[in-house]
Amino acid sequence: MRKRKHDSSQPPQPLQDMEVVETPIEAEAEDGLEHLRIDVRRALPDRRLDKYLTARLGKDISRTALQQYIREGNVTVNDRTVRPSYVLRTGDRIDMMLPPVRPKEIPPEPIALEVVYEDQDMLAINKQANLIVHPARGNWTGTLVNALAYYFRLNWRDISELPTRGGVCRPGIVHRLDRDTTGIMLIAKSELALWRLGRQFELRKIHKTYTALVHGVPPAEEDVIDAPIGKHPKIRERYAVHRDTGRPYPVTGKEAVTRYKVLQRFPRVGACRAGFALVELYPQTGRTHQLRVHMSYIGHPIVGDRMYGGGPVYRSQLQVRPDVAEGPLITRQALHAHTIEFRHPRTGKEMILTAPWPADFVAALEELQRLSEEV
């Protein structure tokens, strides 16, 4: 019997005809993606993965784009990469990172900004913790871009007039920092600035210096971490380096190089004599989560970075009372971009801008110093 040819003019088959359970998975959203898990309780015969997801997402993404999305490994079934034509079966588990749906405009929000420098072409800010850079699925408000919309409406003009390479969600955004990473960020106010600053990043002409509090004390005063980074094979929000061979996984990993220097050592802190260090980090490349992955890779994850093995620091923990969480020193990711060096996009003048450490970073550092001296 010949199979009936699919009629593309017909609307997608309703999702109700296949029994599934969807579970949003909490994850960091700075990449603009939402992790969704779908457990197939009852599958229809011959229902392809791409057709099912096209019906599930509706107009959010075209079927052609979705097929490419699946081929790139952003959708897995039972923790395995599959083809768009994969036929779903009862009991399958689909994990996917949903692409962002972009809003048509950016609502201004009165979120405080610490301006470090501003002229007709650019703005530099000291970004605070717990602030996502641009709107994305699940975080349409409360972002840096929403704060910029408010700031520019009061002090300059509408944010829609800023140049962009990433649509309405990323006006003026030249580069990004993770949600809990604090420090210096550049915003382009002119097309010239966006292009020239972006070009400097592309050619690695912009140099950034970070400081971080890390667990443990690195044995070397200075060293270079040359370890390529790829997506984690099982946890889609993460990146990783293969610990045995240095080879990334998957094989499409990219070169990643970080130089670091130990500024201060706290080898025995508190009654538990835990070790910590203040380090300075100089990324030579700009991969996603690079500094966090590299410090975790050498066994010294950044304090507060739960995704890559770091943990919050409490006084009770340092007093050997692990069953309680009292007296927080620092509970978020202790990573700060304090210096950026570049050439001004219009004048070509060499610029060096710095952003002071946030209060929680300073307080944690002072307390670690005090507790280490008491031992």
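Could you check how many residues of segment 196-226 are outside any strand (DSSP E or B) and touching a helix residue (DSSP H, G or I) at 6+ places or on another chain (Cβ under 6 Å)? Spell out how you get there, then give the answer.
Taking segment 196-226 first, the residues outside any strand (DSSP E or B) are 196-206, 216-221.
If we keep only those that are touching a helix residue (DSSP H, G or I) at 6+ places or on another chain (Cβ under 6 Å) too, we end up with 206.
Residues that pass the stated criteria total 1.
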Fill in the blank from the handout: Log entry, pairs with first residue in segment 183-204 being surrounded by 23 or more Cβ atoms within 10 Å (Cβ to Cβ), second being in a helix (DSSP H, G or I) and not polar (S, T, N, Q), beta carbons closer than 7 Å, six or more apart or on different chains, reads LEU186/LEU197; ILE187/LEU148; ALA188/LEU194; ALA188/LEU197
Completion exercise
Residue count, segment 161-191, condition of a type in the set (S, T, N, Q) and closer than 19 Å to ALA112 by Cβ, comes to 2
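FYI, it's all coordinate maths here, none of it is from the lab. Small disclaimer: the values here were computed from a predicted structure and weren't measured. With ideal geometry, Cβ positions are generated from the backbone for all residues, glycine too; neighbour counts draw on all protein chains shown.
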